[in-house]
Each structure stands twice: as C-alpha cells, then as structure tokens.
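A.B. asks: Below is the structure I would like to discuss, written out as structure tokens.
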Amino acid sequence: MEATETFKNIVNNRRSVRAFLPEPVSESTLHSVFATAQRAPSNCNTQPWEVAVASGNAIERLRKLIPEAFAAGQWTMDFPYDGKYEGVYKERQHGAAAELYGAMGIGREDKALRQAQFMKNFEFFDAPHVAFLFLPEPFGIREAADLGMYAQNLMLSMTAHGLASCPQTALSFMADLVRRELGIGEHNKLLFGISFGYEDTNNSANKCWTDRAAVTEAVSFHS
Ligand SMILES: Cc1cc2nc3c(=O)[nH]c(=O)nc-3n(C[C@H](O)[C@H](O)[C@H](O)COP(=O)(O)O)c2cc1C
C-alpha cells in the first residue's frame with residue numbers, strides 16, 4: 001500500500017541530526033508541522049504538552065546564555081537525571097556514541113573533541129529553531145508518556161515536511177534560564193528540547209545512523 005510505504009519512509013528517515021543550515025523555516029511550514037503534531041494521543045485527551053518555540057532573537061540570546069551558564073555550573077533541572085544504564089542498555093548507549101564519534105572521526109580517547117561536540121548541544125547544533133517541551137505541574141510519568149508521543153509526532157511531522165531534528169535532554173539542564181528568557185511560568189517543567197531546521201548534509205555528524213535491536217528482542221507475541 002502506498003500509505004504504508006510513505007509512513008515507513010518517514011519513520012526510517014527521521015534521525016537525530018546534529019548540524020543545521022542557518023535558513024529559517026517559513027511560518028506556514030511551522031504552522032503545518034505543529035498542527036499535525038497536535039494530533040498526538042494522550043490520556044483522556046488531556047494533551048498535557050506546553051511547547052515554546054524559540055527562533056530569531058530569542059534563540060540567538062539562548063545560544064549565547066546557555067553555554068555561558070553551563071560553563072559557570074549554573075544548572076537547574078526539573079526532573080532528576082539519575083538513569084543508570086547497565087547491561088544491554090549500556091551496550092546500546094556506547095554503540096550510539098561510537099556511531100556518532102566514528103562518523104566524525106573522533107577517537108575514544110579524544111576527550112577534548114568529544115567534550116566540544118557535547119557542548120554543541122547548548123548551541124542547538126546551529127539550528128535556527130528550538131522547541132522546548134514542558135510538562136505542566138502536577139503531572140508525572142503517565143503524562144510524560146503523552147509528551148513523548150507528542151514529541152515523536154512532532155519529529156515525524158518535521159521529517160514529512162523536509163525538516164530535520166534532534167531531541168535533547170541536554171537542553172533540560174537549564175530549566176530556570178529557559179523559563180526566564182521565554183517568559184514561561186514556574187509551573188511548567190522542562191523535560192527536553194528539540195532543535196530543528198534544515199539539515200547540513202555536508203557535516204560529518206550527520207553521517208551517523210544508529211541501528212535497532214531485532215523485533216524479537218523487544219516484542220513477544222502471545223496467543
Ligand atoms: C528524550 C531524548 C533525549 C535525547 N537527548 C539527546 C541529547 O541531549 N543530545 C544528543 O545529541 N542526542 C540526544 N538524543 C538523541 C539520541 O541519542 C538518539 O535518538 C538515539 O541515539 C537514536 O538515534 P536516532 O535518533 O538518530 O535514530 C535524545 C533522544 C531522546 C529521545
């Protein structure tokens with residue numbers, strides 16, 4: 001079926017892109033992207049997502065302030081960052097890092113280059129836009145799942161519109177700063193951000209493609 005192929009192509013073509021062109025996305029495309037994402041499902045259709053998109057002067061201010069705040073150790077996170085990856089999860093984490101740094105020709109021991117690449121998170125990988133995804137208080141893990149579904153809808157919508165994206169937990173490390181700069185209320189808690197725009201296809205960071213475990217490792221069918 002044509003729709004099946006189209007859907008598979010969109011899903012398979014979405015990947016985390018870590019270098020963008022400076023060209024901004026037009027207002028009409030932005031509207032279409034976000035209108036489609038809005039169709040995400042949620043518990044009782046509560047739609048517990050609050051999204052702030054920074055572009056133009058707003059993103060340029062953040063691009064300057066966030067790296068400065070990070071360097072000064074001024075972190076504020078709304079959600080704990082305490083996940084410990086063990087066993088297969090650790091292997092996959094290392095596999096993803098090896099893919100990225102391998103594509104960029106950065107060796108295991110090259111800590112300075114790895115750190116420099118990590119710091120690009122705080123400059124939104126030069127993207128012209130970033131969407132910050134907030135979970136309003138007092139929501140918790142179930143509503144965070146709704147926010148995750150919204151985020152995937154949003155990124156697939158971007159892919160379908162010819163845009164690229166990178167979801168970033170790193171952007172949640174500066175929750176207070178982001179709220180202050182964008183005038184977001186204290187009750188909105190920052191879970192992560194998504195940098196987006198047009199892919200810089202010449203940048204080696206974007207030669208990275210991650211793989212996935214076999215379906216049988218993740219799904220068991222019962223009858
Ligand atoms: C919630 C979430 C947070 C992420 N945070 C970061 C991040 O801070 N920086 C980064 O470079 N990639 C980040 N990623 C991207 C993952 O590394 C990436 O999704 C994973 O390696 C699979 O690769 P793919 O997205 O290219 O398919 C994040 C992904 C998700 C879903």
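A.B. asks: For the pair H94 and V11, how long in nm is the line joining their label points, each one 7 Å along Cα→Cβ?
C.D. replies: 3.0
A.B. asks: Using 0.36 nm per residue, how much length does the chain from W209 to A145 gain when fully extended, once their Cα-Cα distance is taken away? List each step's numbers first, then the result.
C.D. replies: On the way: separation 64, 0.36 × 64 = 23.04 nm, distance 2.50 nm.
Extra length available between W209 and A145 comes to 20.5 nm.
A.B. asks: State which entries of K64/K207; K8/K111; K64/K90 exceed 31 angstrom in Cα-Cα distance in the structure shown.
C.D. replies: Numbers: K64/K207 27 Å; K8/K111 37 Å; K64/K90 33 Å.
Check vs 31 Å cut-off fails for K8/K111; K64/K90.
A.B. asks: Quick check: Cα centre of region 10-57 to Cα centre of region 58-90, how many Å?
C.D. replies: 21
A.B. asks: Express the relative contact order of the chain as a whole percentage, based on alpha carbon pairs under 8 Å and six or more residues apart in sequence. Write down the numbers at each step before the final one.
C.D. replies: Values: 313 pairs, mean separation 87.4, N = 223.
Computed over the chain, the figure is 39 percent.
A.B. asks: Dimensions of region 128-211 along principal axes (Cα, Å, largest first)?
C.D. replies: Its Cα atoms span 41, 27, 22 Å along the three principal axes.
A.B. asks: On to the next question. Could you tell me the calculated FRET efficiency between R39 and K64, based on Cβ-Cβ distance and R0 = 41 angstrom, to the nearest 0.05?
C.D. replies: Working: r = 35 Å, r/R0 = 0.86.
Calculated transfer efficiency: 0.70.
A.B. asks: Something else about it: Can you tell me how much longer the chain between L182 and E123 gets when fully stretched, taken as 0.36 nm per residue apart minus their C-alpha distance, in nm with one decimal?
C.D. replies: Fully extending the segment from L182 to E123 adds 19.6 nm.
Here, each number is a calculation from the coordinates, and none is a lab measurement. The shown structure was predicted, so the numbers you read here are calculated from the model rather than taken from an experiment. Here Cβ is always computed from backbone atoms with ideal geometry, including for glycine, and neighbour counts include all displayed protein chains.
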